[in-house]
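Quick notes on the structure that follows.
The values are calculated or read from the model by the stated rules, or taken from the named source; none is laboratory data. What you see is a predicted model, and the numbers here were worked out from it, not measured in a lab. With ideal geometry, Cβ positions are generated from the backbone for all residues, glycine too; neighbour counts draw on all protein chains shown. With ligands, DNA and RNA removed, areas are computed over all heavy atoms of the protein, side chains included. Shrake-Rupley method; radii C 1.70, N 1.55, O 1.52, S 1.80 Å.
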Amino acid sequence: MALQLNRDHLEAIRDHGRRDYPTECCGILLGHAKGDHKQVVEVIALKNLRREPEKARELLPVADPDRETERNRFLIDPRDQLRIEKGARAKGLEVVGYYHSHPDHPAQPSSYDREHAWPWYSYVIVSVQDADPKEVNSWVLAADRSRFEPEAIQLANSPHPHAAPVHLSEHSESNGL
Amino acid sequence: MPVKVIIPTPLRQYTAKKDAVELDAKTVGEALATLTTQYADLRRHLFNEEGKIRSFVNVYLNDEDIRYLQREQTPLHENDVLSIVPSIAGGSLLRGNCSGPETGPTDR
């Protein structure tokens, strides 16, 4: 189980997290999938619909509107998904996953993430501390929905793309900033 | 009416890997009922215990959300395309909840 992307893709995700801080950012990962190996071809930044609370709540209500805001929740507009999926199919690509940021929280899924997750997709999370993007991790929901499994991120231009996968941290990506 | 239902990737494991299913139906509700009769394992992913479409599931008729049409009663016309669009949502812990990140099961 691995998600392959290149440095530009990774930088696009981190940069979006920085740009939108302290709001959660989100976007779509398009690419190819073969078995449980996914290759990202395109990263598309999207608007966090929680910035429009009323509209977002019509689509997916929240339990505590005062505490569940765009700073700790994201929702992708399904119309964006529909439009992008159509475009992707026309280009022979498919949606392989999604990314979002955790402002001032680790790049680990919350229970809310898990409750709302779908199987198969890669869920990439970037931790952004004080507007500075830190570690990036990818996760896939376990078949029984009990937890997220960590998914290795492989850098496409790495000299040894098939080397033992590691989770990326700000240290391994410091050259990219 | 012959219509096409587009299946999102996470649910294709329940439709024999098909990305689209063609079927005959007069309404959105009938199309989803036929689909989940044909592919029974799909039912629990699309409907809750009360038989209503789950809140995490969006259904679009061509480019319109059926919530803003006539929901399940929305009539279908020949060659309409129904898209099942999974809600993509998430977020970090609520502020003031300092129990740390969570990757395992909860007591939910």
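Considering only residues of the range A:32-79 that are among the small types (Gly, Ala, Ser) and either at positive phi or free of Cβ contacts under 8 Å to residues at least 60 places away in the same chain (or both), which is surrounded by the most Cβ atoms within 10 Å (Cβ to Cβ)? Quick ask: steps written out before the conclusion?
Step one: of the range A:32-79, the residues among the small types (Gly, Ala, Ser) are A:33, A:35, A:45, A:56, A:63.
In the following step, the residues that additionally are either at positive phi or free of Cβ contacts under 8 Å to residues at least 60 places away in the same chain (or both) were identified as A:35, A:45, A:56, A:63.
Details: A:Gly35: 6, A:Ala45: 15, A:Ala56: 24, A:Ala63: 8.
Of everything passing the filter in the range A:32-79, A:Ala56 is surrounded by the most Cβ atoms within 10 Å (Cβ to Cβ).
The set of residues in the range A:39-84 being in contact with a Phe, Trp or Tyr (Cβ under 9 Å, 6 or more places away or on another chain) and of a type in the set (Lys, Arg) consists of A:Arg50, A:Arg73, A:Arg79. Scanning the range A:79-118 for residues that are more than 8 Å from chain B (Cβ to nearest Cβ) and of a type in the set (S, T, N, Q) returns a single hit, A:Ser101. Contact map, the range B:55-66: first residue more than 23 Å from A:Val62 (Cα to Cα), second residue open to solvent by 60 Å² or more (accessible area, probe 1.4 Å), Cβ cut-off under 7 Å, separation 6 or more or different chains; pairs are B:Leu61/B:Leu69.
The set of residues in the range A:31-55 that are over 19 Å from the mean Cα position of the chain (by Cα) and within 12 Å of chain B (Cβ to nearest Cβ) contains only A:Lys55.
Of the set (1) more than 8 Å from chain B (Cβ to nearest Cβ); (2) at pLDDT 95 or above, all apply to A:Arg73 but (1).
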